[in-house]
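Participant: I have a structure I would like to understand better, so I am pasting it below and will then ask my questions one at a time.
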2 protein chains.
Amino acid sequence: MRADAERNRARILDTAIAAFAAEGLGVSVQEIARRAGVGTGTVSRHFPTKDALFEAIVASRVGRIVDRVQDLAELPDQQGAFVEFLTILTEEGAANVGIAQAFAGAGYDMDAAAAAVGYDFDAAMAAALHRAQDAHVVRADADVADIKALMVSCMSRGSADQATRARMIDIVARGLRPPESAGG
Amino acid sequence: MRADAERNRARILDTAIAAFAAEGLGVSVQEIARRAGVGTGTVSRHFPTKDALFEAIVASRVGRIVDRVQDLAELPDQQGAFVEFLTILTEEGAANVGIAQAFAGAGYDMDAAAAAVGYDFDAAMAAALHRAQDAHVVRADADVADIKALMVSCMSRGSADQATRARMIDIVARGLRPPESAGG
DNA sequence: GACTATCCGGGATGGCCGTCCCGGTTGTCA
DNA sequence: TGACAACCGGGACGGCCATCCCGGATAGTC
């Protein structure tokens, strides 16, 4: 691979990741080319489809998310661990509009993109949920799709202040508690 | 207005409402024209923009929603009334993909469209929330935007079975309870 | 310093969309 | 029944998009 080709590829990748993170997946390929200072042909040669660019943003974030979620298994306090799990997802979505949109299912398959870069996002979510359920911190009838749907709500308040996001997480976490446990 | 013109207008309106309800706001104007058995020009003459068609779907539903929500003020059991409020929104969204998308903010301003047909959707939501908060059924720090965001989650499970939707409502309703109240 | 495989730029292409317009038709009323 | 205004159909237009392609430039090598 020629040096200039590799340089351009890196510039396009960085530009795409930044654009998708800041403005979402609606940014056009031409706009990314313009911002990267290259032609549209150069983009589509390195990344034949927009999905390939989308994978870039997933790859840049999902690994970190999965790792952080898996680390929570070590914590002794599973109640705190589950809240932290919700917080991680919410804050990642708030910090990255593209991630939030992908999470909400805006035309891209996040699980597939994660799998393409070697991560099983769905399994990580399921594991975190089941840990919380085994510790009787989350009601047994909740499933992964419930969590995903609720996370979309939290992420959608990403542009609001931090207190709002924390409140949303608190609402969701309380709602997911086993019915028999007392509130507070 | 000529009789055939009025006939066509009604056919287009019915077709648009049905299409948006069943498949969402992504259905093209040309497709609506095709299904209504008219030309695209006929559609755009009666409804100059797609927003005008979108207003049709809002008008066909939002009035009923607002009325049902306002009726809840009469109920003596405000805990039950609030759950019913969540249920109304969820079921309406589940039954109408277009409403759910508009609620999620898919490029259309639902409040503006509601206002155009004489309903103040936002005020109705705020009133329902405040009633619940005055009755100490919902935590005082929740705001209308929180409720809207959480409703998007519930509506997004609209294609799932009724038990799933009920579970989502239960999760949200519990999460919104005042922190000091006991669970169960 | 020249040669060639590689890569670049950006216009071309095709698809989908909403909106506009005009030639032909039809409903309405005298 | 005739004539005209209102209306219809669907193609035209312009915009936006992702993707493809080719003439020209350039990096790497001998």
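Participant: Dipole size in debye (nearest 20) for chain B around its Cα centre, Lys and Arg Cβ +1, Asp and Glu Cβ -1?
Facilitator: Here chain B has a charge dipole of around 760 debye.
Participant: Related question: Give or take rounding to whole Å, what are the principal axis extents of the alpha carbon atoms in the range A:1-138, in descending order?
Facilitator: Taking max minus min along each principal axis of the Cα atoms, the range A:1-138 gives 55, 28, 19 Å.
Participant: Hydropathy at least 0.0 by Kyte-Doolittle, axial extent at least 15 angstrom from the Cα trace: which helices of chain A, defined as entire DSSP H runs, fit?
Facilitator: Helices meeting the span and hydropathy rule in chain A are A:50-71, A:78-95, A:121-134, A:144-156.
Participant: Take peptide A:168-178, look around each residue's Cβ out to 10 angstrom, count Cβ atoms belonging to other protein chains, and average those counts.
Facilitator: 5
Participant: Same structure again: Given the options A:ALA124, A:ALA135, A:ALA59, which has the most mean-square fluctuation in a GNM of chain A, springs set between C-alpha atoms less than 10 angstrom apart?
Facilitator: Evaluated over chain A, the most mobile residue of the options is A:ALA135.
Participant: Distance between the C-alpha centers of the range A:76-121 and the range B:11-40? Whole Å please.
Facilitator: 36
Participant: Dipole of the protein assembly as shown, Cα-centred, from +1 at each Lys and Arg C-beta and -1 at each Asp and Glu C-beta, to the nearest 20 debye?
Facilitator: It works out to roughly 1200 debye.
Participant: Where Rh is the Kirkwood radius over the Cα pairs of the protein assembly as shown, the temperature 25 °C and the viscosity 0.890 mPa s, what D in µm²/s does Stokes-Einstein return?
Facilitator: Roughly 109 µm²/s, to the nearest whole number.
Participant: Follow-up question, since we're still on this one. Counting only other chains, what is the mean number of Cβ atoms within 10 angstrom of the Cβ of each residue in peptide A:138-149?
Facilitator: Average per residue, whole number: 4.
Participant: Moving to a separate point now. Quote the relative contact order of chain B in percent (integer), defining contacts as alpha-carbon pairs under 8 Å separated by 6+ residues.
Facilitator: This gives 23 percent for chain B.
Participant: Determine the dipole magnitude for the range B:1-48: charges of +1 sit on the beta-carbon of Lys and Arg, -1 on that of Asp and Glu, nothing else is charged, the reference point is the Cα centre, and the result goes in debye to the nearest 20. Before the final figure, lay out each step's value.
Facilitator: Details: 7 positive and 5 negative charges, 36 e Å.
Computed about the Cα centre, the dipole is about 180 debye.
Participant: Along the positive direction of the dipole of the range A:100-184 (beta-carbon charges: Lys, Arg +1; Asp, Glu -1; about the Cα centre), which of A:ALA104, A:SER156, A:LEU129 reaches farthest?
Facilitator: Working it through, the farthest residue towards the positive pole turns out to be A:SER156.
Participant: Next question. Translational diffusion coefficient, Stokes-Einstein: compute it for the range B:59-184 using the Kirkwood radius over C-alpha pairs as Rh, at 4 °C and 1.567 mPa s, and state it as an integer in µm² s⁻¹.
Facilitator: Working: Rh = 14.7 Å.
The Stokes-Einstein estimate is 88 µm²/s.
Participant: Using packing as a proxy for protection, rank B:172-179, A:165-172 so that the peptide with the highest average count of other Cβ atoms within 10 Å comes first.
Facilitator: Descending packing order for the listed peptides: A:165-172, B:172-179.
No value in this document is a laboratory result; all are computed from the given coordinates. Keep in mind it's a predicted model, so treat the numbers as computed, not measured. Quick reminder, even Gly has a Cβ in these numbers, built from the backbone with ideal geometry, and neighbours come from all protein chains shown.
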